[in-house]
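Input: a single structure, listed below in structure tokens.
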């Protein structure tokens, strides 16, 4: 097991995009992961954005996404925080248990907030 970190994709409200906020949030997450001793950080995201920030497809570093083992999973990205940390490494990554919540738990959590229309927008995984 490697000392690594994981971060969710960063989302910025459309009217606040293209102001560097997403990059600032990502830089903060990377620095916190370094401070916590992680040698790399993994995420699911768009390589067109995260590639500019040093992320590469995880399969290019020998790491496969456990939930999609037969695919190159172009959305599963990784970035070394310590140069060479992934040299000679191969294996798979599995999402941590806290990533998985029941629909009932989501509905209960949402009750804390004013009602909103739920949407699935293009580009979301589902």
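Only the coordinates and a few stated rules stand behind these numbers; no lab work does. Here the structure is a predicted model, which means the values were calculated and not measured. For neighbour counting, all protein chains shown are included, and Cβ atoms are generated from backbone atoms with ideal geometry for every residue, glycine included.
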What does the extension gain come out to for residue 111 and residue 70, with contour length at 0.36 nm per residue minus their alpha carbon separation?
10.9 nm
Based on the alpha carbons, how large is the Rg to Rh ratio for the chain when Rh follows Kirkwood?
0.99
Note: residue 118 to residue 94 extended length (0.36 nm per residue) minus current alpha-carbon separation gives 5.9 nm
Bridge orientation stat for the chain from DSSP, antiparallel percent rounded to 5, came to 55 percent
With a cut-off of 16 Å, note down the residues of region 88-111 whose backbone N falls inside the zone around a label point 7 Å from the Cα of residue 56 toward its beta carbon.
88-91
